[in-house]
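Have a look at the structure below, then the notes.
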Number of protein chains: 2
Amino acid sequence: MPPELNLRISPRTVQQETVGKLRLAILSGLFEPGSRLIESQLCAQLGVSRPSLREALRSLEAERLIEIVPNRGPSIPALSWSEATAIYEVRELLEVEAAGRCASRIPTEQLHELERSLFAFEEAASSNDSLAQVMTAADFYSIILANCGNPILEEVHRGLVARISFFRGRSMSLEGRAQSSLAEMREIYESIAAGDEKAARKASKRHLLKAKAAAKMSMNSES
Amino acid sequence: MPPELNLRISPRTVQQETVGKLRLAILSGLFEPGSRLIESQLCAQLGVSRPSLREALRSLEAERLIEIVPNRGPSIPALSWSEATAIYEVRELLEVEAAGRCASRIPTEQLHELERSLFAFEEAASSNDSLAQVMTAADFYSIILANCGNPILEEVHRGLVARISFFRGRSMSLEGRAQSSLAEMREIYESIAAGDEKAARKASKRHLLKAKAAAKMSMNSES
DNA sequence: CAACCTGGATTGTCTGACATTCTTGCAATC
DNA sequence: GATTGCAAGAATGTCAGACAATCCAGGTTG
């Protein structure tokens, strides 16, 4: 392996690198839902040893991005509509609260960051790069969660982000969904920028309702 | 699909066994907060190899029961009062919702289970076994979460249980806290048994408020 | 056709090893 | 005397290889 320029403060370990790559691969839809992951294959593809890979898999298991059944190994869980519903309900609980709190306490610097992330999503929305749409949308919400004043709320939400992104990827593929999503997110941003807690909660709730409906359509239309 | 009763004997792997034992050890307060865990020592004490132990540590890291810093290894995080506050706020969000949902949909069989767990806590409350108090209280809530009709809500809550138990252990050591906690939990149970969603939410909220106050006292009195 | 058996594939687990990084105590310097 | 620098020891990150237990598919047998 060639020595790569790495000025990063925290040295990324092989384990972390592996988790990152696998997470991205899964979110990109590289693996079929329900399919099994073969350790030896992944080792070869990623160029890491089995112990390192297995540690990475444990981390991904905790994120619920994969399932590990004893003696059967890791596999990509097939997410159903009922799970999607459950996730949207919990999202509502968490994100509405976060948006509300955020409105009354976000510092101006972070508010600008939030605005930038909205622009980034805007750009992605007009492209056809659905992965970029998913990632920038996730950024937008992660900034809100990071500034809600409750690190645990943020942490809990982060544990759902992977699966949220999965469903987001599907609904974004619907005609026009990205654009209307953009409008809803802009409403959220405006409310937060105005420091209007109530409006932020409402906008967030509205956004989730529509996202849920879109997700339902995208799931019905295929499975 | 027939209502699959869970007859599956889950073959506990070494990894799972290790996670279980370490989790219990941490919750029992066996390790000093802030102290580092030495892999080789744990291997010797648990009688497992380093790869298995390291996988177990990754799982515990995901539960936030330990922290793993690259090149420094695992350690017990020192929980602060500000984190406790954040956790209680999120608990309120989750548990109030769960108790409310539970009230309108728990099957009678599970209701009996809930009652039994309340009795178990009652017994523990009159003893001085604080670990038993913590475990039985956790059982009580886990039954509520398991019957709220939203598996994601349950999962998210389970991710907090470890830290909840940590703070619960401290507040339970306060004179009379276990008994008043019992009374509050009985209220929750009664509301759920009556199918009164609103009352269940209120009782749950009240319980959390008092638990929070107790936790604050227990933390002020020492650190 | 069903039940059984067998061989290959895959995972669970261990041992042992080595490079890298961190810690700590001591010495040297100002 | 305090700070800096360094070196030995400890601990972690990572790998390779091995073997038993388990699962799965396909063929065999009744």
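Just so you know, all these numbers are worked out from the coordinates, no wet-lab data involved. Nothing here was measured: the structure is a model prediction, and the numbers come from that model. Using ideal geometry, Cβ is built from the backbone for each residue, glycine included, and neighbour counts are taken over all protein chains shown.
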Roughly how big is segment A:14-75's charge dipole about its Cα centre, with Cβ charges of +1 (Lys, Arg) and -1 (Asp, Glu), in debye to the nearest 20? 80 debye
Whole angstrom only: what separates the Cα centroid of segment B:180-204 from the Cα centroid of segment A:41-56? 49 Å
Give me the number: length gained by fully extending residue B:80 to residue B:219, i.e. 0.36 nm times residue separation minus the C-alpha to C-alpha distance, one decimal in nm. 49.2 nm
Using the 2.2 N^0.38 Å rule of thumb for compact globular proteins, work out how segment B:1-110 stacks up: its C-alpha Rg over that value, please. 1.40
Note the angle between two axes, namely the Cα long axis of helix B:50-62 and the longest principal axis of the Cα atoms of chain B, as a number of degrees from 0 to 90, rounded to the nearest 10. 40 degrees
Among the GluC sites (Glu not before Pro) in segment A:124-223, which ones are in a DSSP loop with at most 16 other Cβ atoms within 10 Å of the Cβ? Mind listing them? A:175, A:222
Compute the length gained on full extension between residue A:41 and residue A:72: take 0.36 nm times their separation in residues and subtract their Cα-Cα distance, giving the result in nm to one decimal. 9.7 nm
Going by average Cβ neighbours within 10 Å, how do the peptides B:201-211, B:56-66 rank, with the highest at the top? B:56-66, B:201-211
Just to check I understand the Karplus step: with θ = phi - 60° and J = 6.51 cos²θ - 1.76 cosθ + 1.60, what whole-Hz values come out for segment B:134-151, glycine and proline as x? 4, 5, 5, 5, 4, 4, 3, 5, 5, 5, 4, 5, 5, 10, 8, x, 9, x
Per the 1/(1 + (r/R0)^6) rule, R0 = 51 Å and r from the Cβ atoms of residue A:112 and residue B:25, FRET efficiency to 0.05 is 0.65
Residue-averaged [θ]222 nm for chain A, counting only DSSP H segments that reach four residues, each worth -39500 (n - 2.57): -23500 deg cm²/dmol
Relative to the longest principal Cα axis of chain B, at what angle does helix B:81-103 sit, 0 to 90 degrees, rounded to 10? 40 degrees
Segment A:98-223: relative contact order from alpha carbon pairs under 8 Å, six or more residues apart, as a whole percent, is 36 percent
Label distances, nm, residue A:30 versus same residue in remaining copies, Cβ-directed 7 Å point: 3.9
Once the dipole of segment B:84-223 is set up with Lys and Arg at +1 and Asp and Glu at -1 on Cβ about the Cα centre, which of B:165, B:104, B:192 lies farthest towards its positive end? B:165
Kindly give Rg over Rh for the protein assembly as shown, based on alpha-carbon atoms, with the Kirkwood expression for the hydrodynamic radius. 0.96
Using the Cα centre as the reference, give the magnitude of the dipole from point charges on the C-beta atoms of segment B:1-126 (Lys, Arg: +1; Asp, Glu: -1; all else neutral), rounded to the nearest 20 debye. 600 debye
Cβ-vector label at 7 Å, residue B:213, separations to other copies in nm: 4.4
Which of the peptides B:90-102, A:25-37 is most tightly packed, and how do the rest follow, judged by the mean count of other Cβ atoms within 10 Å per residue? B:90-102, A:25-37
Can you give the mean number of other chain Cβ atoms that lie within 10 Å of the Cβ atoms in peptide B:78-91? 3
In terms of the alpha carbon gyration tensor, root eigenvalues a ≥ b ≥ c, rounded if a/c is under 1.5 and otherwise prolate when a/b exceeds b/c or oblate, segment B:14-75 is rounded
Is the shape of segment B:118-193 best called rounded, prolate or oblate, per the rule: a/c under 1.5 gives rounded, else a/b larger than b/c gives prolate, else oblate, with a ≥ b ≥ c the square roots of the Cα gyration tensor eigenvalues? oblate
Rounded to the nearest 10 degrees, the helix A:108-125 long axis (Cα) sits at an angle to the longest Cα principal axis of chain A of 70 degrees
With a point put 7 Å past each Cα toward its Cβ, work out how far residue B:16 is from residue A:105 in nm, to one decimal. 4.0 nm
For label points placed 7 Å from Cα toward Cβ, what is the shortest-first list of nm distances from residue A:47 to its copies? 4.2
In nm, to one decimal, how far is the modelled label at residue B:50 from the one at residue B:209, with both set 7 Å along Cα→Cβ? 5.4 nm
Lys pairs under 25 Å by Cα in chain A, provided they are eight or more residues apart or on distinct chains: 6
The size of the Cβ-based charge dipole (Lys, Arg +1; Asp, Glu -1) of chain B about the Cα centre, to the nearest 20 debye, is 480 debye
Pop a pseudo-label 7 angstrom from the Cα along the beta-carbon direction at both residue A:158 and residue B:122 and give the gap in nm to one decimal. 4.3 nm
For segment B:81-220, place one equal point scatterer on every Cα, skip the solvent, and apply the Debye formula. What is log10 of I(q)/I(0) at q = 0.10 Å⁻¹? -0.28
